[in-house]
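The values are calculated or read from the model by the stated rules, or taken from the named source; none is laboratory data. Predicted, not measured: the structure shown is a model, and the values here were computed from it. We place every Cβ from the backbone using ideal geometry, glycine too, and count neighbours over all the protein chains shown.
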Amino acid sequence: MHEALFAQLHQIGLVPVVKIDDASKAVGLAKALIDGGLPCAEVTFRTAAAEESIRLISQAYPEMLVGAGTVINVEFAEKAVKAGARFIVSPGFNPKVVDWCLERNIPIVPGVCTPSDIEAGLDRGLTTLKFFPAEASGGVEMLKNFAGPFPNLRFMPTGGVSTANLASYAKQPNVLAVGGSWMVKADLIESEDWAAITALSREAVTALQGLEFAHLGINNEDGEQAEKTISALEAFGMKKKVGNSSTFLDTTIEVLPKMYLGKMGHLGFRCFDIERTLAYLGKFGFTVNEETINRDAKGKIKVCYLQQEAGGFALHLIRA
């Protein structure tokens, strides 16, 4: 149910949790987030401006994924949906709000922090829950503990997430997306510093990927040439590790006994979530080479190459 919406949330990966006091600032804020690579917002019902803000954003940017947060009663849920909210988020598990949304086929992500809360969600067929308040409730370690008894659940951790710990949450397999407010601070919205919000959003989106250089791949004409390359590198004190189809020198150079992708070889990059990173790189014109995709038992991509090259090097993604 609602898999397309949740797939979109997963690709975006970071949901700005927004508190707006003045609805006239909503459209400017939405544009700043979109420009920063975050076409998504959870507008919280902590102020009287929430309903009108959702309406204005939905009208101005229909492509933006706008949800309503802090929905603590059915009245708020009704107002949010009428205003154009595409999904509902609540801080706790309120059965009345959850059931109201489910009866109307409206995506709902209720807050949980205990196994009992989670089981209440499972009992209603929910597959995605908000972990709140995340840091105060055990943070990443608690999410790891939840993965055992609840292997098919996905979480949206919110509360205490910042640039300092974003990566630790983003790399967790059971995290659908992360909720945070550091890029939409009240003073920035109040002063309409859209440039700062855009810059913080871009910074967060980049950090969310966890991209880092992994290794350099060297193509060789055949096994004999590959052995010569390996011997030369061993002279520099590099330790070799022979694999099924290639040899690694330390962990940074891969020697292949054949001419594979890339005129010059390939550059390997680690990232937290390849599906999310492919969506991110798509904004820069990169596309996946479908023939190179290797998936795990759950269907998630473990490794792949891109169609494009850089300086004669093929580009290779590896899930961290």
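In this entry, PHE150 is excluded by the filter for residues that are farther than 24 Å from LEU29 by Cβ, in contact with a Gly (Cβ under 9 Å, 6 or more places away or on another chain) and part of a loop (DSSP other than H, G, I, E, B).
Restricted to segment 20-59, and to residues there that are surrounded by fewer than 22 Cβ atoms within 10 Å (Cβ to Cβ), in a helix (DSSP H, G or I) and touching a residue at least 40 places away in the same chain (Cβ under 8 Å), the residue that is nearest to the chain's Cα centre (by Cα) is ASP35. Within the span defined as segment 179-186, one or more residues are in contact with a helix residue (DSSP H, G or I) (Cβ under 8 Å, 6 or more places away or on another chain) and closer than 30 Å to PHE150 by Cα. Scanning segment 297-320 for residues that are assigned to a loop (DSSP other than H, G, I, E, B) and in contact (Cβ under 8 Å) with a residue 12 or more places away in the chain returns LYS300, GLY311, GLY312, ALA320. Residues that are touching a residue at least 60 places away in the same chain (Cβ under 8 Å), in a strand (DSSP E or B) and in contact with a helix residue (DSSP H, G or I) (Cβ under 9 Å, 6 or more places away or on another chain) occur at least once in segment 153-161.
Within segment 141-163, the set of residues being more than 24 Å from THR70 (Cβ to Cβ) and aliphatic (A, V, I, L, M) comprises just one member, ALA147. One residue is enough: does segment 113-125 have a residue meeting the conditions in a strand (DSSP E or B) and not β-branched (Val, Ile, Thr)? Within segment 113-125 (the criterion being in a strand (DSSP E or B) and not β-branched (Val, Ile, Thr)), the answer is no, since none of the residues qualifies. Within segment 121-165, being surrounded by 14 or more Cβ atoms within 10 Å (Cβ to Cβ) and on the phi > 0 side of the Ramachandran plot holds for GLY138, GLY139, GLY159, GLY160. Do we have any residue at all in segment 193-202 that's in contact with a Phe, Trp or Tyr (Cβ under 8 Å, 6 or more places away or on another chain), at pLDDT 95 or above, assigned to a strand (DSSP E or B) and surrounded by 19 or more Cβ atoms within 10 Å (Cβ to Cβ)? No, segment 193-202 contains no residue that is in contact with a Phe, Trp or Tyr (Cβ under 8 Å, 6 or more places away or on another chain), at pLDDT 95 or above, assigned to a strand (DSSP E or B) and surrounded by 19 or more Cβ atoms within 10 Å (Cβ to Cβ). The selection criterion, being among the aromatic types (Phe, Trp, Tyr), touching a residue at least 12 places away in the same chain (Cβ under 8 Å) and surrounded by 11 or more Cβ atoms within 10 Å (Cβ to Cβ), does not hold for PHE213. Residues in segment 90-116 that are over 14 Å from VAL74 (Cα atoms) and among the small types (Gly, Ala, Ser) were compared, and the one that is surrounded by the fewest Cβ atoms within 10 Å (Cβ to Cβ) is SER116. Going by what's in this entry, would SER231 be described as within 33 Å of the chain's Cα centre (by Cα) and either closer than 30 Å to LEU153 by Cβ or free of Cβ contacts under 8 Å to residues at least 60 places away in the same chain (or both)? No. Within segment 1-19, the set of residues being of a type in the set (Val, Ile, Thr) and in a strand (DSSP E or B) comprises VAL15, VAL17, VAL18.
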